[in-house]
Structures are given as C-alpha cells and as structure tokens.
Amino acid sequence: MKNTLRQVFHSPKFLVGFIIFVAVLLLAILYPLFNPGNPLQQIGLGTFAPPGTYVSLYDAVGTETSTFRLDDADAKRLASVLSDEDRVSMVNWLTAVGVDVTGLDITDTDALLEIWNANYDQSIRPEGMTNAQRNSYISLNNRLQSLGASETLTVMQPDEEGEMEEVTDIESTDYVNVGDVTNVITLPLGTDNFGRDVLKELASAIGTSLMIGLVAGCIATFIGLVLGLLSGYVGGVLDDIVMFITNIFTVIPSFVLLILINYSIGQENRGAMVVALVIGLTSWTWTTRSVRSQVISLRNRDHVNLSKLSGHSLVRIVLTDILPYIASYVVMAFILQISSAILSEAQLSLLGLGPKTTEVPTLGLMMNWAMLYSAHLGGKWWAYFPVIGVIALISFSLNLMNTGLDQVFNPTLRD
C-alpha cells in the first residue's frame with residue numbers, strides 16, 4: 001500500500017491535479033470560518049457592486065480627518081466624473097455645433113474640459129437634438145461646473161425644532177484613515193444581482209457542488225460496480241438482463257433523462273441531495289460496461305479458478321479475487337463520476353432545473369443567476385467569471401488526477 005501511494009504521489013500529473021483540487025477545497029472549508037453567516041444573505045440593495053472596499057459615508061463624516069494636498073487630486077476628481085460615454089457625448093456636441101476637434105484626445109481631461117468650457121452654451125441647440133439629449137448635456141455641464149466651484153461640502157441635519165443646522169464642513173483636502181471608520185466592508189468579488197457577497201456565495205457553492213458530485217459519484221459508481229461485477233462474473237441470463245437494461249439507458253441520452261426527471265420532480269422538491277440522487281441514478285451505465293469488461297478478462301484466471309475449486313462463495317470470489325485487481329480502475333471511474341456530476345448539476349441549473357434557489361447556492365445556480373440578469377452583457381465579470389474558473393479548475397484537477405492514476409496503474413502508459 002505504501003509503495004502504491006508513493007508511486008501515485010510521484011506522478012507529476014496526479015500531484016498537480018491533487019494540489020489544485022485541495023486548494024479549491026480549502027477555499028470552501030476555510031473562507032466560511034473567516035466570514036461566517038448565510039451565503040444567501042442580501043447585504044446590498046443595489047445589484048452587481050464591483051469588487052473593492054466599501055466605507056460607510058455616514059461613519060466617515062464623524063471620523064477624525066487629516067489634511068493632505070495631493071497634486072493630482074483635482075485632476076482625478078474631474079476625471080472620475082467623466083465616463084467614457086460622457087466624453088464621447090461632449091465630442092459629439094462640439095462636432096454638431098461646428099467646433100474643430102481634430103486631434104483631440106478624449107482621454108486628456110484637461111484638454112477636453114478646456115475646449116468644452118470655451119464653447120458650450122446651453123442655449124445652443126444643434127439640429128436634430130432631442131429635449132432629452134439637451135437636458136443630459138445641461139446636467140453634465142452642471143456637474144462639471146459644480147465640482148470645480150467649491151472645495152467645501154457642508155453637512156446639515158435637522159435640529160430639535162426641525163430647522164436645518166450646519167454640523168460640519170468637509171474640505172476637499174480632508175482625508176480619513178479607513179481603519180478609523182466604524183463600518184468598512186471588503187468585497188473581493190463584489191456582489192451579485194441580489195446584492196449578495198459573491199466570494200462568500202462562491203465558497204459555499206463549491207462545497208455544495210462538491211457534495212453533489214461526491215454523492216452522485218458514490219451512487220453511480222456503486223451501482224455500476226455491483227452490476228458490472230455480477231454481470232461479468234456470473235454471465236448467462238443475468239448478464240443478458242443487466243446488459244439489456246444498460247443498453248436501454250445507453251440509448252436514451254442521460255442528460256435528456258436528467259431534464260425530464262428533474263422537471264417532473266418540481267422546483268420545490270429539488271433539494272441539492274435530490275439532484276445528486278437523480279444524477280447518480282442516471283449515470284452508472286458506462287461504469288457498468290467498463291467494469292463488466294474488466295471482470296470478463298479476470299474470471300478465468302488461475303487464481304479465480306482455484307477459488308472456485310476450493311468451494312468459495314460467489315461473494316468471496318468477487319470481493320477477494322476480482323475486486324482488488326480492478327480497484328484502481330474503480331477509483332479512476334469514481335473520480336470521473338464526480339467530475340461528470342458537477343458538470344451535470346451546472347448544466348441543469350443553467351436550464352433552471354437545478355436545486356431550489358432558496359436553500360443553498362451551487363456553482364450552476366450562480367451561473368444561472370448571472371445569466372438571467374445579463375451580467376455577461378453588462379460587463380459584470382465578477383458575477384460569472386470566477387464561477388467558470390472554479391468549475392474549470394475542479395474538472396481539470398479531477399481529470400488530471402485520473403490521468404496520473406492511469407499512468408501509474410496501466411503498465412502500457414508508464415514512461
């Protein structure tokens with residue numbers, strides 16, 4: 001056993017796959033310890049907040065400030081007001097009124113503002129401009145002018161009589177230490193369409209999807225192993241019956257069968273373990289056929305015939321004289337079943353036929369939510385790209401481990 005494990009972990013492919021898989025597994029185990037709570041809790045009222053650190057403005061106002069005079073602070077402040085769409089709109093207005101903008105770099109904020117302030121007049125209405133477009137230009141110009149008009153913001157609040165009174169002034173040079181602000185939250189992957197922490201959700205989804213893969217893999221491997229052993233060793237009528245059933249399930253595409261079964265179960269009854277059970281019960285056929293072929297090649301070996309002559313029972317012969325010789329193959333089949341089950345759950349959830357959305361997140365459900373709310377069209381990469389990456393890493397690591405095991409246990413593939 002020690003020699004076998006040593007050979008396995010000396011396989012570069014298995015080792016790389018094992019390290020990747022353990023890293024993903026540790027994320028699912030350790031991150032909830034540092035950030036406990038319900039992964040489906042809505043912490044944001046908006047949708048798709050980008051990754052970053054968020055500071056409570058309410059608490060920041062009452063935090064002790066320090067004064068810094070940064071040379072490029074005003075330039076950055078102006079640049080942040082102008083989105084790429086605003087810059088293009090400004091150039092379009094200038095062009096419409098006949099201003100020569102040849103050679104103007106719209107990313108040069110100073111040059112763009114200089115030519116805009118010199119030529120913009122809200123009373124001018126270029127031909128073909130609608131009222132909505134005109135109002136948007138007026139609003140943009142007011143934002144630009146107000147930003148540079150004052151370097152002080154006054155904070156007001158109502159007194160006991162309901163009259164507004166000045167609380168404090170905030171200068172443009174006032175800065176607060178983030179560590180001094182009472183409420184600060186860091187979202188490495190932002191929030192999703194429901195305002196939920198994507199990283200927290202992802203860690204929980206990894207655990208759930210791995211559990212689905214493990215349960216489905218155990219069911220499929222167990223069924224395939226039992227039927228394959230009995231069919232391959234006993235043969236005869238039993239072999240014909242098993243292969244007849246196997247061929248029926250093989251002819252019907254397993255994914256179509258998954259869709260029909262999950263749809264008939266209904267959304268309210270589809271928990272994560274129910275989905276795992278359905279996947280396991282519909283994905284055992286190729287394991288059965290493979291195990292059967294392995295057993296057929298072993299059942300007439302000398303040691304098996306010797307056990308028969310010794311009067312050993314069928315169960316003992318199968319468990320002691322056949323199963324140990326195909327154990328490595330069964331382990332590899334189990335690994336592939338886990339990978340296949342995780343991908344099947346993701347496919348089902350993308351179609352809206354996965355586990356209930358109100359219980360636990362899965363990798364497939366996160367993809368489904370991102371797709372329904374068009375995260376891919378709005379450039380909200382943090383809502384779907386990490387999920388795709390995790391699914392790819394899990395599948396890649398499991399297949400790499402399987403390839404490494406195959407090289408260890410298959411003499412024809414050894415270097």
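The values are calculated or read from the model by the stated rules, or taken from the named source; none is laboratory data. None of the values given here were measured: they were computed from a predicted structure. We place every Cβ from the backbone using ideal geometry, glycine too, and count neighbours over all the protein chains shown.
Listed values, structure above:
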quantity	calculated
All positions within region 359-415 that are β-branched (Val, Ile, Thr), farther than 19 Å from Pro51 by Cα and in a helix (DSSP H, G or I)	Ile391, Ile394, Thr403, Val408, Thr412
Condition met for Thr358 (buried (at least 21 other Cβ atoms within 10 Å of the Cβ), hydroxyl-bearing (Ser, Thr, Tyr) and assigned by TED's automatic domain parsing to the domain that holds Ile206)	no
Filtered residues of region 266-278 (kept if within 19 Å of Met366 (Cα to Cα) and in contact with a helix residue (DSSP H, G or I) (Cβ under 9 Å, 6 or more places away or on another chain))	Arg270, Ala272, Met273, Val274, Val275, Ala276
Filter result (surrounded by 15 or more Cβ atoms within 10 Å (Cβ to Cβ) and not in a loop (DSSP other than H, G, I, E, B)) within region 296-320	Ile296, Val304, Ser307, Ile317, Val318
Which listed residue is closer than 30 Å to Trp382 by Cα and not polar (S, T, N, Q), from Gly162, Gly190, Gly128, Gly98	Gly190
Strands (runs of 3 or more DSSP E) contained entirely in region 159-274, each with at least 2 residues that are more than 27 Å from the chain's Cα centre (by Cα) and not polar (S, T, N, Q)	164-171, 174-176
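Residue-by-condition table, conditions (1) assigned by TED's automatic domain parsing to the domain that holds Gly404; (2) part of a helix (DSSP H, G or I); (3) in contact with a Cys (Cβ under 6 Å, 6 or more places away or on another chain):
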{"position": "Phe18", "(1), (2), (3)": "yes, yes, no"}
{"position": "Ala23", "(1), (2), (3)": "yes, yes, no"}
{"position": "Gly37", "(1), (2), (3)": "yes, no, no"}
{"position": "Asp86", "(1), (2), (3)": "no, yes, no"}
{"position": "Thr102", "(1), (2), (3)": "no, no, no"}
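Every residue, every condition in (1) modelled with pLDDT under 85; (2) under 17 Å from Asp84 (Cβ atoms); (3) in contact with a Lys or Arg (Cβ under 9 Å, 6 or more places away or on another chain); (4) among the aromatic types (Phe, Trp, Tyr), yes or no:
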residue	(1), (2), (3), (4)
Thr107	yes, yes, yes, no
Ala111	yes, yes, no, no
Ile115	no, no, no, no
Tyr120	no, no, no, yes
Ala132	yes, no, no, no
Ser136	no, yes, no, no
Asn142	yes, no, no, no
Leu147	yes, no, yes, no
